[in-house]
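Colleague: Quick one: the structure is below, and I'll ask about it shortly.
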Amino acid sequence: MERTGRIKLVKDGVLQGTAFLDIDAEVDSDGGEQGLLGLAFPVDYETSGSFYIDYTGTKPGAPQPPTRICRVQRNATNPDLADAGSLSLLLEIAQPFSNHNGGMVAFGPDDYLYIGMGDGGSGNDPNRNAQNLNALLGKILRIDVVEGGEGAGTGGTQYDIPPSNPFATGGGLPEIWDYGMRNPFRFSFDKTAGDLWIGDVGQNAFEEIDFEAAGSPGGRNYGWAVFEAARCNTNYTGTTQTTCDELSPDVTFPVYSFANPSVGNAVIGGYVYRGAAIPELQGTYFFSDAGKSFIKTFTLTGGVVTGVTDRTNDVDPLNVLQQAVSFGEDNDGELYLADLAGAVYKIVPVPPEQGEGELEHYTADVNSNNRLSLSEVLRVIQFYNSDGFYCAAGTEDGYSPGAVGNRTCIAYDSDYDPQNWRISLNEVLRVIQLYNTTTGFQPCENGEDGFCSI
């Protein structure tokens, strides 16, 4: 998904040349926090063909591009394309400033659409939106997007209000699920437990991660702008320590926060890991920060955060991540990370130090200096694609990945994808990466008979 208004499709590992959806003319992405910001597929997408987007749209004469929540339909004859002409407005929310547009949309376990709305922008919520139950800004919204809805809500005619919304019958706008948010740019639902996790971007003191257990009735006040995380925000007009003391019993404080700017300055809410590829991380919460681009995890047990771990060097050993902006999750619970520079990365397990293959030492680190020069990399290519590279256990063809009774020769670390018995440039670079880390391909200081294990 690109801020300028395009959604692109990757099929079988290949980026398709034609965009799945292109609404560039509808999207205003001039501001750094504006553009196409959210995408959500309902559970019935395969049959309904409908999906939902959140973007700031062009509107001549408006002080700022408004937030629009729209339904889009998949092309009737080509599932690899969406029908831009089917764009249907569900909800439009005016924006007074260019920043704090929120942007996340996601379906909860209840199949309702949840929408993250920032407080309207500027600093310290000058329009006092976040605590105002008659404003949709500074909130998490929840709507029923059944097609042909009766339009009982504030701003649209194609959705309904879930009767269990906390203000469905009065006391506030019926779309509101939670309030007191500054800019809940990214949130997620635990794939297994159904809990709601919210990354709410802070002002200039703290970044926060909020937690809402599955089955919550909603209506929670997360405190902004009276509080920034658990700190009394006396920079908010009219707020004193007395104000904070009086509101405090009604506020749900974050389960975790970190200092801004020393640790980070724009939290990127992530996901609880529910995949199978890295079983030791099952149930841990991943998060990042757009300013620092670290990758960290923790676990939450009984409302207490433990095991906060910086995994940046594990996940990004070559420091290629420039600016983390969003996590993603696939149907298997495996996680992805989007870089504002234009790349999408999958978080995968580190290759084991002791693998099932053996490699002749002389095919790589020829001068035994524990580094790979360009000529030595080329030598890897030369020997890999000739009789000079062979399996320690031996086979007639010299390369038999996965064969019973034989060792697998570096199929994972070099002839990676596809396994075509050839090394492309990106696969060579993968060899360099693994060779120069402590968890992958290693020089064989204690090898026997000229071989080293991988």
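Values in this text are rule-based calculations from the coordinates and carry no lab data. Bear in mind the structure is a predicted one, so any value in this text is a computation, not a measurement. We place every Cβ from the backbone using ideal geometry, glycine too, and count neighbours over all the protein chains shown.
Colleague: Beyond a 21 Å Cα-Cα separation, which of these cross-linked pairs lie in this structure: Lys139/Lys346; Lys8/Lys139; Lys292/Lys346; Lys11/Lys346; Lys11/Lys296? Show your work: numbers first, answer last.
Modeller: Values: Lys139/Lys346 30 Å; Lys8/Lys139 29 Å; Lys292/Lys346 19 Å; Lys11/Lys346 15 Å; Lys11/Lys296 29 Å.
Where the Cα-Cα span goes over 21 Å, the pairs concerned are Lys139/Lys346; Lys8/Lys139; Lys11/Lys296.
Colleague: Could you pull out every residue, at least 5 positions away or on a different chain, whose amide H is within less than 5 Å of the one on Phe185? Hs are placed 1.01 Å off N in the peptide plane, and Pro or chain starts have none.
Modeller: Val201
Colleague: Computed FRET efficiency, Cβ-Cβ of Ala76 and Asn127, R0 45 Å: what is it to the nearest 0.05? Write down the numbers at each step before the final one.
Modeller: On the way: r = 43 Å, r/R0 = 0.96.
E between Ala76 and Asn127, to the nearest 0.05, is 0.55.
Colleague: Let me ask something else about it. Would you please give the residues with an amide H less than 5 Å from that of Phe206, counting only those at least 5 places away or on a separate chain, with H modeled from the backbone geometry?
Modeller: Amide H neighbours of Phe206, under 5 Å, 5+ apart: Asn260.
Colleague: What nm distance separates the two modelled labels at Ala277 and Val304, each placed 7 Å from Cα along Cα→Cβ?
Modeller: Output for this residue pair reads 3.3 nm.
Colleague: Could I have the simple spin-label model distance between Asp12 and Val43, label points 7 Å from Cα toward Cβ, reported in nm to one decimal?
Modeller: Each label point is offset 7 Å from its Cα along the Cβ direction, giving 3.1 nm.
Colleague: Right, here's the next one. If you scale each eigenvalue of the Cα gyration tensor by 5 and take the root, what three semi-axes come out for region 180-272, rounded to whole angstrom and sorted largest first? Please report the intermediate quantities before stating the final value.
Modeller: Values: eigenvalues 105, 56, 15 Å².
Over the Cα atoms of region 180-272, the ellipsoid semi-axes are 23, 17, 9 Å.
Colleague: Go through 201-210, 244-253 and give me the packing order, highest mean Cβ count within 10 Å leading. Mind dumping the intermediate values first?
Modeller: Numbers: 201-210: 22.7, 244-253: 13.3.
Averaged packing, sorted descending, gives the order 201-210, 244-253.
Colleague: What are the ³J(HN,Hα) couplings of region 189-195, residue after residue, when phi is run through the Karplus curve with 6.51, -1.76, 1.60 and θ = phi - 60°? Round to Hz, x for glycine and proline.
Modeller: Once θ is set to phi - 60°, the couplings for region 189-195 become 10, 4, 4, 9, 7, x, 5 Hz.
Colleague: Order of 56-69, 283-296, 37-50 by packing, highest average Cβ count within 10 Å first? Present the calculation step by step, with values, prior to reporting the outcome.
Modeller: On the way: 56-69: 17.4, 283-296: 21.6, 37-50: 15.5.
Sorting 56-69, 283-296, 37-50 by mean packing, highest first, produces 283-296, 56-69, 37-50.
Colleague: Here is a follow-up. How big is the gap, in Å, between the Cα center of region 1-45 and the Cα center of region 297-312?
Modeller: So the separation of the two Cα centres works out to 32 Å.
Colleague: Order of Lys11, Lys139, Lys346 from fewest to most other C-beta atoms within 10 Å?
Modeller: Values: Lys11 8, Lys139 29, Lys346 11.
Starting with the residue having the fewest Cβ neighbours, the order is Lys11, Lys346, Lys139.
Colleague: To continue, here is another question. Show the residues, 5+ positions off or on another chain, whose built amide H is closer than 5 Å to the amide H of Asn99.
Modeller: Ser122
Colleague: Working from the alpha-carbon coordinates of region 6-269, get Rg over Rh, Rh being the Kirkwood radius.
Modeller: 0.97
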